[in-house]
Protein chains: 2
Amino acid sequence: MPIGRWASVSHPEIAEVELDDVLRALADPTRRTIVRMLIADGDRACGTFGLPVAASTLSHHFRALRRAGIIRQYDDGRQRMNTLRLDELDTRFPGLVSTVLATST
Amino acid sequence: MPIGRWASVSHPEIAEVELDDVLRALADPTRRTIVRMLIADGDRACGTFGLPVAASTLSHHFRALRRAGIIRQYDDGRQRMNTLRLDELDTRFPGLVSTVLATST
DNA sequence: GGGACTATTCGACATGTATCGAAAACACCC
DNA sequence: GGGTGTTTTCGATACATGTCGAATAGTCCC
C-alpha cells in the first residue's frame, strides 16, 4: 500500500461521476490520446506518454481525467502511474468510452 | 443569395463535423435537453422548449448545436425550426448521440 | 546529506463559455 | 405602414480552460 503522494490524490466514487465532466474531459484530443494509450498498453507512468505538450500541461490533463473519474492514479516510486477506470465507467455510462474512441480522429 | 434569416444560418457538412465540437456541445445539460426533446417530438420552433433560461441564452445554445453539426435550422414564417441531424451524426459517429443520451442525467 | 529524476503547483496569459437584459432584425397580420 | 410576435445580436460579466516556464515537492540512489 503506497504512501506519500497518495495523500494528495483523491478519486471520485463512480456513482458520483457526472456525464458533463466525462464529456468535457473526452472533448480534448490530448486527453483522448492518453485514454487510447492506456487502453492499448495498460498502466503507464505520466512521463512515458511522449506527447508534444509541456509536463505541466500534461499534469493538468491528468488531473482533468482523474477528477472526471476516467483514470485512477497511484504512486510507484518516483513515478505516478495511471490506470483507466474502464470497467467502472462502463457500469456508469455503458459503452460511452468505447463509442467516443471508435472514431479515428 | 438566400432571403431573410436563412442568410445568416450556415450548417457544416457532416464530413467536416469534429468530435471535439460534438462532445463539447453535448457536455451541457440544457443542450442535451434540447436534443432529447427533438428526438421525442420531432422538429420544434426555438420558442417552444420552455427551458428556464433567457431567450438570448437559448439562442446561444442553438448556435452551439448548429455549429457542432448536431441540429439543422430552417425558417418557417416568423419561427425558426430545429431538426436533429441524427442520421447524419450516426454515419459520422455511430451510436454516439444515443449512447450519450442513454443516461438519465 | 547531496544529486538526479519525476511530477505537481504557481503565476501568467490568451481564449472560450454561460448567462443576462436591451436593442435590433425579421415576418406576419390588420 | 404600424403593431405584434419570434429570434438573434450586442455588450457586459463572471468563470473556466489550455498552454507555458519557473519554482516546488516527493522519491530514489550514491
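A short reminder: the numbers here are calculations on the coordinates, not readings from a lab. As the structure is a prediction and not an experimental result, all values here were calculated from the model. Backbone-built Cβ (ideal geometry, glycine too); neighbour counts: all protein chains shown.
Remark on A:V9: its backbone amide H falls under 5 Å from none of the residues 5 or more positions apart or on other chains, H modelled at 1.01 Å from N.
Between A:D28 and B:S56, what FRET efficiency comes out of the Förster formula 1/(1 + (r/R0)^6) with R0 = 30 Å and r the beta carbon distance, rounded to 0.05?
On the way: r = 28 Å, r/R0 = 0.94.
Efficiency at R0 = 30 Å is approximately 0.60.
Measuring nothing but how far apart in sequence close Cα pairs (under 8 Å, 6+ apart) lie, relative to its length, the stretch B:4-93 scores a relative contact order of 38 percent. Here A:G77 yields copy-to-copy label distances, from shortest upward, of 7.4 nm, the label point defined as 7 Å from Cα along Cα to C-beta. Computed over the protein assembly as shown, the P(r) curve from all C-alpha pair distances, binned at 5 Å from the origin, holds 1, 6, 14, 17, 17, 13, 11, 8, 6, 4, 2, 1, 0, 0 percent per bin. The chain B residue nearest the rotation axis shared with chain A, using its Cβ and rounding the distance to whole Å, is B:T99, 2.
Taking amide H positions as modeled 1.01 Å from N, with prolines and chain starts lacking one, the residues under 5 Å from B:M81 and 5 or more places away or on another chain are B:Y74, B:D75, B:D76. Here the spin labels are modelled as points 7 Å beyond Cα on the Cα-Cβ line, and at B:A45 and A:S98 they lie 4.4 nm apart. The Kirkwood radius of chain B, taken over pairs of alpha-carbon atoms, gives through the Stokes-Einstein law at 10 °C and 1.306 mPa s a diffusion coefficient of 113 µm² s⁻¹. Take B:A55, push a point 7 Å out from Cα through the beta-carbon direction, and compare it with the same point in every other copy: 5.5 nm, smallest first. The mean count of C-beta atoms from other chains within 10 Å of the C-beta of residues in A:38-49, rounded to a whole number, is 0. Running a GNM on chain B with Cα contacts under 10 Å, which residue among B:T91, B:T83, B:T30 ends up with the highest mean-square fluctuation? Sorting by GNM fluctuation, first place goes to B:T91. B:A102 label point (Cα plus 7 Å toward Cβ) to equivalent points in the other copies: 0.9 nm, shortest first. Backbone phi angles across the stretch A:51-60, fed through the Karplus curve with coefficients 6.51, -1.76 and 1.60 (θ = phi - 60°), yield HN-Hα couplings of 8, x, 9, 5, 4, 5, 5, 4, 4, 4 Hz in residue order; Gly and Pro are listed as x.
Each residue of the stretch B:11-26 was assigned a 3J(HN,Hα) from its phi angle through the Karplus curve 6.51 cos²θ - 1.76 cosθ + 1.60 (θ = phi - 60°); the sequence is 10, x, 5, 4, 5, 9, 5, 9, 4, 3, 5, 5, 5, 4, 5, 7 Hz, with glycine and proline shown as x.
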